[in-house]
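Scroll down for the structure; my scribbles are underneath it.
Please treat every number below as a calculation from the coordinates, not as lab data. This one's a predicted model, so the numbers in the text were calculated from it and none came from an experiment. Glycine also receives a Cβ, built like all others from the backbone with ideal geometry; neighbour counts cover every protein chain displayed.
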Amino acid sequence: MKNSRIASYQSIQSIPILKAVILVFTALNALFVALTPLMVLLIKETPSFVIVNSATTIAYLVGSILGTLLTTSLFKEMSIAQVTKWVVYVSVLLFLSFYLRSVYGVFACMFTPAVLAGVINPKLNALIYRALPEEQLATISAAGISTFVQLGMVVMRGVIAILIVICSAGSPSLVFLLLSLLLLVYTIRNVASVVEE
């Protein structure tokens, strides 16, 4: 069991684009955990900041479905690295919109990552299936990648809970804006350099 995990880890390490994309998506999932608490906090502190939760859910679902449909036509030529960079750019704009308390910016920026998530999921799955050995797919995709992504989300839930209790709405928004900027720098440096190689 331990040897299969080590072999799986080494398989991922041997594919730089897969490693970089998994790290970026783990960080993005962790950052996006903060969306609902930030939205509730901003609605509480800023009466003009109103987005109905059902509208947000509809925007996400429609965006995800649209992204999946557009994968086969509009975004077919985009590489996984290009889509990854676009998702990170949009996350910076999303947290900037939260910080500036722009309801329309938040709404637009929540729709866009959903579209891009619908585009990137098939591309990421195809990359994993093409690049990794068949005998390691279950260990890597189920136990490895999923556990890693979930761990990032759990840690960030604790961080956002602490920030919301001790700060006003502007502070967590600023923290997540700075974290998304750091992720942008990492993505530009690592994902772009992997693609150039």
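Here are the numbers for the structure shown:
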item	result
Förster radius 30 Å - calculated FRET efficiency between LEU174 and PHE148, Cβ distance, rounded to 0.05	0.65
Potential extension, SER102-GLU45 segment - 0.36 nm per residue separation minus Cα distance	19.2 nm
